[in-house]
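K.L.:
Before we start, here is the structure in question, set down as structure tokens.
The values are calculated or read from the model by the stated rules, or taken from the named source; none is laboratory data. Just so it is clear, the model here is predicted, and its values are computed rather than measured. Cβ: placed from backbone, ideal geometry, glycine included. Neighbour counts: every protein chain shown. What goes into the accessible areas is simple: the full protein's heavy atoms, side chains included, and nothing from ligands, DNA or RNA. Shrake-Rupley method; radii C 1.70, N 1.55, O 1.52, S 1.80 Å.
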Amino acid sequence: MQLFGIRLVGINEVTGHKLLLTLILIAVLALLGLALGALIRALTTHAGARRERVRFWARQGRSLLIAVVGLVGVLSIWFDNPGTLTTAVGLVTAGLAFALQKVVTSLAGYFVILRGKNFTVGDRITMGGVRGDVVALGFIQTTIMEMGQPPAVQGADPAMWVRSRQFTGRIVTVANSKIFDEPIYNYTREFPFIWEELMLPIAYRDDRARAEAILLEAARRHAVRADDLPAELRERLQHQYHVNPADFEPRVYWRLTDNWLELSVRLLARDHGVRELKDAMSREVLAALDAAGIGLASATFEVVGLPPLRIQRQAPQQG
């Protein structure tokens with residue numbers, strides 16, 4: 001094939017025809033993607049609270065459909081001879097296995113995520129050392145809206161400036177291959193609640209029973225009650241995960257330390273809004289402690305000895 005009198009190497013009438021068919025196929029697939037996207041938006045307009053998740057999985061299906069049709073179409077256009085196709089596939093597979101190991105592993109991780117139901121868009125997870133909400137899932141990477149870390153894990157790497165589970169404003173992409181290397185923590189998949197604790201140190205001389213009652217009263221006002229949970233959810237948790245029904249009720253635990261009595265109230269909270277819940281509880285507990293004359297304990301130190309002191313009076317100097 002010649003262009004402006006120049007013969008193009010490797011392009012003849014047959015390859016030019018195949019190239020034209022490939023461009024037409026790409027254009028058709030692009031139009032198909034736009035049409036399916038508009039159809040998905042139209043069908044999910046009235047999906048309510050589940051709209052974003054329904055749209056996400058519909059888009060994933062659209063992407064897979066277009067990818068499969070495109071791959072089959074390109075192979076059909078360029079490799080009409082089965083023998084040539086087998087040779088080409090073998091060479092491409094060998095090259096991919098050597099040069100694109102991470103990409104292939106991430107692509108495999110994508111299908112494992114879809115099939116294994118590890119997480120979906122909107123779930124709060126920890127993946128690859130990143131904590132946050134899943135906002136997108138691609139063939140190679142998962143996109144997470146990062147959240148901060150509670151004080152107990154502030155030493156984790158990378159350290160966060162947000163001292164609670166609230167968004168930091170950073171968008172983080174994590175390779176899908178991480179699911180083969182590290183455990184995935186999901187806060188919301190099967191049970192959209194978490195157990196939280198609020199610790200209160202009080203002096204041994206204070207009214208311990210009253211302090212415990214104050215903690216319990218505040219926890220019962222703000223915690224998720226067992227009656228608020230659907231009956232089928234409670235039954236599934238008991239039979240599938242062996243969760244004791246008593247664990248749904250707030251409870252205070254005591255721990256003895258060298259300096260104070262540590263009271264920890266354990267309560268059930270929703271997966272989002274924990275910082276607001278603990279803030280409201282802390283304000284109420286402090287007000288109730290002040291009214292009861294109970295103070296928060298702090299570390300104290302006893303001086304058991306002093307170095308010897310020597311006082312020497314100097315005579316005035318003569319002018």
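K.L.:
Which condition number does residue 249 fail, the rest of (1) open to solvent by less than 60 Å² (accessible area, probe 1.4 Å); (2) in contact with a helix residue (DSSP H, G or I) (Cβ under 7 Å, 6 or more places away or on another chain) being met?
P.N.:
(1)
K.L.:
Give me the residue from region 158-212 that is small (Gly, Ala, Ser) and surrounded by 13 or more Cβ atoms within 10 Å (Cβ to Cβ) and, out of that set, farthest from residue 277 (Cα to Cα).
P.N.:
177
Residues are listed down the side, and each one gets a yes or a no for (1) among the aliphatic types (A, V, I, L, M); (2) in contact with a Pro (Cβ under 6 Å, 6 or more places away or on another chain); (3) at negative phi:
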{"position": "218", "(1), (2), (3)": "yes, no, yes"}
{"position": "242", "(1), (2), (3)": "no, no, no"}
{"position": "259", "(1), (2), (3)": "no, no, yes"}
{"position": "272", "(1), (2), (3)": "no, no, yes"}
{"position": "276", "(1), (2), (3)": "no, no, yes"}
{"position": "283", "(1), (2), (3)": "no, no, yes"}
{"position": "287", "(1), (2), (3)": "yes, no, yes"}
{"position": "293", "(1), (2), (3)": "no, no, no"}
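K.L.:
So for region 136-159 (the condition being modelled with pLDDT under 85 and of a type in the set (Val, Ile, Thr)), does at least one residue qualify?
P.N.:
Yes.
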